[in-house]
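Inspection log for the structure reproduced underneath, given as structure tokens.
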Amino acid sequence: MPKTRTALGIAVVTLTVALPAAPSAEWNYRYNTYGEPGLIDMPTAESAADAELSTTLSYSPVATRATITFQITPRLSGSFRYGKIDRYFLPSGGAIFDRSFDLRYRIVDEGRYRPAVAIGLRDFIGTGLYSSEYVVATKHVTPRLTVTGGIGWGRMASYGSFKNPLSIVSSKFNTRPGGFTGTGGQVEAGRWFRGQAALFGGISYKATDKLTLKAEYSSDGYTLESAAGRNTISPKTPINVGLNYEIARGANLQLAFLQGDTLSAGVTLSTNPRIAAVPGGAGSAPVPVKPRNMKSADALGWAVNEPVKKQLRDGMQTLLSQDGIHVEAATLNGREATVYIRNEKYLARAEAIGRTARVMSVASPSSIERFRIVPMVNGMPTSAVVINRDDLALLENDPDGADKMFARAEVVSHRGKPDRADVLDGQYPRLTWSAGPYLKASYFDPDNPVRADVGIRLAGRYDFGPGLVLSGQIDQRLIGNRDGSTRFDPSTLPRVRTDAGRYAKADTALTHLTLSSYFRPGENLYGRLTVGYLEPMYAGVSGEILWKPVDSRLALGVEMNYVQQRDFDQGFGLRNYRVATGHVSAYYDFGNGFHGQIDAGRYLAGDWGGTFTLDREFANGWKVGAYATFTNVSFTDFGEGSFDKGIRFEVPLGHFLGKPVGKTYKATLQPLSRDGGARLKVDGRLYDQVRSYHEPDLAKSWGRFWR
């Protein structure tokens, strides 16, 4: 290795460690071409704001990449990347589409004389085209000037490399295995920090509040892309230069000149579930609390009769329906008023409870001392929140009113349904329906990485009575290309999901038509039985029992299904494939917004195994998580990708509208959809519906009780 390369790399690393930081520096991280906080190609030790979710699209003749990065904790971040490298296959000149996952962890925080230090794994699950490991240090010299230096392995040691310093620990670190294991998609821990190492580093300078200039010494030699026959880049220097321009809050443009030869451009869009996209809020104001008039005659309890009960029911329905909260039943019993509500608007459940309590203070006679609010989900009571009426008046304007109210309120079990005489007129039977546009997208087809259909969706629901629901949905495609895929995925398993492209060809699709019964079979128990056309690909019967105490972080469930595959046209016809499938599930709220789930059982292809899921959840309805499924299907039989895995999102639409709407958008990104580890998709599963009104979840959103 030429001495100049070594000297330059050592100089950058030494400068990073030696310079003091300005104590009042304002950290200004920016994303690199790989969609992580960094310089241009190289990473820095900076972390994004906690919970930030970003999408980076970068393009150059070298590669096209789309990366989603989530700051899982203040120190830990994860990325999923989908990239295209042109001319990868030399005989045909065809491109390769590569999927990869990254993890990085900041192990040391920056201090006055100490740099921040992070350790990272790039492409640690995949075919290894970008496989790299690194340790990097970053220091802010002034509020505008930042210096970075680090050491890399793998692809990040393909230029200016030297003997692995970890070889002093073991000679095994001198050799880095080539290729990838089996069908790819596995954790390649046997490569980590092995083989040659190289230094990298650089600086960034915030020239203005919006413009940041960058320069780096890169240890990526682009050996793959510059090989004979590809020639997508001809490296002339290890120096990359570039700039980042903030177009608007959460939108940044990147431009760079790579290796003295090639231009690169990119854009990063970011949001943070913890921060509303629309400042303030456009929701309606709640009614103020009405204190009791203890001098009135009804304060003695003489006025609790049927006309007063009817006045309570009608008054509450009139006031709460304006807030998207429906009163199913209400009654007075001695000194306590009980109201059964159906909340269709507020994802922060505590906000619905708070608004209901204030309306009860207006509509209830002065003799009532306690309010019992019972949220109903699909005709089932999920819990009861008991509030002392005088606490409402006392704490409404208290600076710590939300915390004090939660300490005084009780969240208790409530299994009984209301008496028929207490149910409001017109509640059952009840027909609701909607019609509107839909968008369906599929990803990662090598012939067309993003496919989408747009059409009209008609959905309806008929509640015969509490807990008995008929629902259906029809989609009519107007335009799209999801039916254009000609790719045939070979499978050694029953084709339970790999025929999805054939189902996508249906222009008119009955996506589901089911009759469901929801019930409470015992204390802390919830039940569901669903029959019909359960999802676009399967029809049959699905049953579920859930155990979930109102004050517990733990829940256990059992689900059993017997299903038959539907015809490709998604009409009423069925195919010959039948299977019994089901799972036992454990759910646990770890606190601090983290939630885990384990499902163990039999999947649609008849394989046995388990799915492990970890989500980070937010009180406003955001969820970001990842899952992995391992079954008794071998990695070879599973096929490309080795096992089922992916990331999933749930986004509340109110985050972007600035007002509560009660709707969320759910999406799951699977690098590959295969037949192994495939689970039935059925609406109305119990856990997420029930737990949102239990004490652990209500505690998360209780800060919105007074909203």
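If one puts a single equal scatterer on every Cα of segment 399-489 and applies the Debye formula without solvent, what log₁₀ I(q)/I(0) results at q = 0.15 Å⁻¹?
With no solvent term, the Cα-only Debye profile gives -0.81.
Express in nm, to one decimal, how much length is gained between Y205 and L478 on full extension, taking 0.36 nm for each residue of separation and deducting their alpha carbon distance. Write out the running numbers ahead of the final one.
Values: separation 273, 0.36 × 273 = 98.28 nm, distance 4.94 nm.
Roughly 93.3 nm would be gained on extension.
Hey, how much of the P(r) for segment 557-643 falls beyond 22 Å, as a percent of Cα pairs? Show your work: numbers first, answer last.
On the way: 1768 of 3741 pairs.
More than 22 Å apart: 47 percent of the Cα pairs in segment 557-643.
When you take every Cα atom in segment 496-613, what is the radius of gyration, and what is Dmax, the widest Cα pair distance, in Å?
16.5, 47
Once the Cβ-Cβ distance between T55 and D419 is put in as r, and R0 is 45 Å, what FRET efficiency do you end up with, to the nearest 0.05? Present the calculation step by step, with values, prior to reporting the outcome.
Numbers: r = 52 Å, r/R0 = 1.16.
Calculated value: 0.30.
Just the Cα atoms of the chain: what Rg and Dmax do they give in Å?
My reading of the Cα-based Rg and Dmax gives 29.2, 97 Å.
Straight-line reach from K666: which lysines have a Cα under 27 Å away, not including same-chain ones fewer than 8 places off?
Straight-distance partners of K666: K84, K345, K440, K505, K548, K623, K645, K681, K700.
Between T636 and A265, what is the FRET efficiency for a Förster distance of 41 Å, r being their Cβ-Cβ separation, to the nearest 0.05? Walk me through the numbers on the way to the answer.
Numbers: r = 40 Å, r/R0 = 0.98.
Efficiency computed from Cβ-Cβ geometry: 0.55.
For the chain, with every protein chain kept in place, what is the accessible area per residue (1.4 Å probe, Å²)? Show your work: numbers first, answer last.
Working: 30400 Å² over 707 residues.
Spelled out: the 1.4 Å probe surface of the chain, per residue, equals 43 Å².
How much of the accessible area of the chain, probe 1.4 Å, is carbon plus sulfur, in whole percent? It would help to have the intermediate numbers written out before the result.
Details: 18030 of 30400 Å².
Summing carbon and sulfur atoms, their accessible area is 59 percent of the total for the chain.
Treating the beta-carbon of each Lys and Arg as +1 and of each Asp and Glu as -1, no other charges, what is the dipole magnitude of the chain about its Cα centre, to the nearest 20 debye?
Working: 84 positive and 69 negative charges, 134 e Å.
Dipole size: approximately 640 debye.
What area, in nm² and to one decimal, does the C-alpha convex hull of segment 554-702 cast on average over all directions? Display every interim value, and only then the final one.
On the way: hull surface 42.4 nm².
So the mean shadow area of the Cα hull is 10.6 nm².
What percentages, rounded to whole numbers, describe P(r) for segment 318-363 computed over all alpha carbon pairs with 10 Å bin width beginning at zero?
That works out to 27, 59, 14, 0, in percent per bin.
Using only the alpha-carbon atoms of segment 603-689, report the extent along each of the three principal axes, biggest first, to the nearest angstrom.
Ordered largest first, segment 603-689 gives principal extents of 49, 24, 17 Å.
Give or take rounding to whole Å, what are the principal axis extents of the alpha carbon atoms in segment 487-558, in descending order?
Answer, in whole Å and largest first: 50, 27, 18 Å.
For segment 48-173, what D do you get in µm² per second when you plug the Kirkwood radius from alpha-carbon pairs into Stokes-Einstein at 20 °C and 1.002 mPa s?
Values: Rh = 16.6 Å.
So the translational diffusion coefficient is about 129 µm²/s.
Are there GluC sites (Glu not before Pro) in segment 505-592 that DSSP marks as loop and that have at most 12 other Cβ atoms within 10 Å, and which are they? Display every interim value, and only then the final one.
Values: sites: E523, E544, E559; in loops: E523.
Sites meeting the loop and neighbour criteria: E523.
Please label the shape of segment 138-267 as rounded, prolate or oblate, based on the square roots a ≥ b ≥ c of the eigenvalues of the alpha-carbon gyration tensor (a/c under 1.5 means rounded; beyond that, a/b larger than b/c means prolate, else oblate). If you can, show how the numbers build up before the last one.
On the way: a/c = 2.02, a/b = 1.59, b/c = 1.27.
Judged from the Cα gyration tensor, segment 138-267 comes out prolate (a/c at least 1.5, a/b above b/c).
Mind listing which chymotrypsin sites (Phe, Trp or Tyr not before Pro) in segment 107-150 are in a DSSP loop and have 10 or fewer other Cβ atoms within 10 Å? Write down the numbers at each step before the final one.
Numbers: sites: Y113, F124, Y130, Y134; in loops: Y113, Y130.
Those that pass, being in a loop and sparsely packed, number zero.
Restricting to Cα atoms and excluding each atom paired with itself, what does the Kirkwood estimate give for segment 343-448 in Å?
On the way: mean 1/r = 0.0584 Å⁻¹.
Averaging 1/r across every pair of different Cα atoms and inverting gives 17.1 Å.
Given Cα pairs under 8 Å that are at least 6 residues apart, what percent is the relative contact order of the chain?
Details: 1828 pairs, mean separation 65.4, N = 707.
For the chain, the relative contact order is 9 percent.
May I ask you to work out the translational diffusion coefficient for segment 645-684 at 37 °C, viscosity 0.692 mPa s, via Stokes-Einstein with Rh from the Kirkwood sum over Cα pairs, reported in whole µm²/s? Working shown, then result.
Values: Rh = 12.4 Å.
For these conditions, the coefficient is 265 µm²/s.
What is the distance, in nm, between label points placed 7 Å from the Cα along the Cα-to-Cβ direction at A628 and at E410?
Simple spin-label model gives 4.6 nm for this pair.
Under the 0.36 nm per residue contour assumption, what length would be gained going from the current alpha-carbon distance of N448 and L90 to full extension? Write out the running numbers ahead of the final one.
Working: separation 358, 0.36 × 358 = 128.88 nm, distance 2.07 nm.
Extra length from N448 to L90 when fully extended: 126.8 nm.
Can you list which of the chymotrypsin sites (Phe, Trp or Tyr not before Pro) found in segment 457-526 are DSSP loop residues with at most 10 other C-beta atoms within 10 Å?
Numbers: sites: Y462, F464, F488, Y503, Y518, F519, Y526; in loops: F488.
In loop regions of segment 457-526 (DSSP not H, G, I, E or B), the sparsely surrounded chymotrypsin sites (Phe, Trp or Tyr not before Pro) are F488.
Along each of the three principal axes of the Cα atoms of segment 107-164, give the extent in whole Å, ordering the values from largest to smallest.
Principal axes ranked by extent give 39, 24, 21 Å for the Cα atoms.
Among the DSSP beta bridges whose two residues both lie in segment 305-372, what percent are antiparallel, rounded to the nearest 5? It would help to have the intermediate numbers written out before the result.
Working: 8 of 11 bridges.
The antiparallel fraction comes to roughly 75 percent.
Translational diffusion coefficient of segment 131-204 at 10 °C, 1.306 mPa s, Stokes-Einstein with Kirkwood Rh over Cα pairs, in µm²/s as a whole number.
117 µm²/s
The values are calculated or read from the model by the stated rules, or taken from the named source; none is laboratory data. Source: prediction; values computed, not measured. As a convention, Cβ positions derive from the backbone with ideal geometry for all residues, glycine included, and neighbour counts pool all protein chains shown. Ligands, DNA and RNA are stripped out before the accessible areas are found, and what is left, the full protein with its side chains, is counted by its heavy atoms. Shrake-Rupley method; radii C 1.70, N 1.55, O 1.52, S 1.80 Å.
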